[in-house]
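The values are calculated or read from the model by the stated rules, or taken from the named source; none is laboratory data. What you see is a predicted model; the values in this text were computed from it and never measured. So basically every Cβ, Gly included, is an ideal-geometry build from the backbone, and we count neighbours across all protein chains shown. Accessible surface is based on the protein model in full, side chains and every heavy atom, while ligands, DNA and RNA are left aside. Shrake-Rupley method; radii C 1.70, N 1.55, O 1.52, S 1.80 Å.
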Amino acid sequence: QVELVESGGGLVQAGGSLRLSCAASGFTFSTYDMAWFRQAPGLEREVVAAINWSGFSIYYTDAVKGRFTISRDNAKKRVYLQMISLTPLDTAVYYCAAAAPAGWTLRAVDYEYWGQGTQVTVSS
């Protein structure tokens, strides 16, 4: 069965850092594009960062560019999100998602598999 399991979330003070991890199983991870999305209460889910199957195409939303780094290890079937200089605006549930190997996409509706999410809370 397909499974994406996020970990690494928690409570951190503004200016702090966290590293999120996502462990994938049950599908051909190395052929899927991966992304991190986040959703704060009352707001729409937004893409934070994405990385294609090979790791050579990477996207960051403007709000996190320069602070977050997405990476993947296809051998370990894991994708990571290193977050530094966190602010309260980064507070959200962060989701790991996988897009079917049909092409590069940043749209949430195109991501086939989703994790349960991990809470990131940044205090001021």
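In region 85-124, what residues are of a type in the set (A, V, I, L, M, F, W, C), under 27 Å from Gly16 (Cα atoms), open to solvent by less than 20 Å² (accessible area, probe 1.4 Å) and part of a strand (DSSP E or B)?
Scanning region 85-124 gives Ala92, Cys96, Ala97, Val120, Val122.
From the set of residues in region 32-47 that are in a loop (DSSP other than H, G, I, E, B) and among the small types (Gly, Ala, Ser), which is most open to solvent (accessible area, probe 1.4 Å)?
It comes out as Gly42.
For the subset of region 8-31 comprising residues that are β-branched (Val, Ile, Thr) and open to solvent by 40 Å² or more (accessible area, probe 1.4 Å), which member is nearest to Lys77 (Cα to Cα)?
Thr28
Looking only at region 48-63, which residues are within 13 Å of the chain's Cα centre (by Cα) and either more than 20 Å from Glu3 (Cα to Cα) or open to solvent by 70 Å² or more (accessible area, probe 1.4 Å) (or both)?
Val48, Ile58, Tyr59, Tyr60, Thr61 - these are the residues of region 48-63 that are within 13 Å of the chain's Cα centre (by Cα) and either more than 20 Å from Glu3 (Cα to Cα) or open to solvent by 70 Å² or more (accessible area, probe 1.4 Å) (or both).
Is there a residue in region 64-74 that is within 19 Å of Tyr111 (Cα to Cα), open to solvent by 20 Å² or more (accessible area, probe 1.4 Å) and touching a residue at least 40 places away in the same chain (Cβ under 8 Å)?
Yes.
Would you call Glu3 within 20 Å of Thr87 (Cβ to Cβ) and among the acidic types (Asp, Glu)?
no
Of everything in region 75-84, what is open to solvent by less than 60 Å² (accessible area, probe 1.4 Å) and out of contact with any Cys (no Cβ under 7 Å at 6 or more places or on another chain)? Give them in sequence order.
Tyr80, Leu81, Met83 - these are the residues of region 75-84 that are open to solvent by less than 60 Å² (accessible area, probe 1.4 Å) and out of contact with any Cys (no Cβ under 7 Å at 6 or more places or on another chain).
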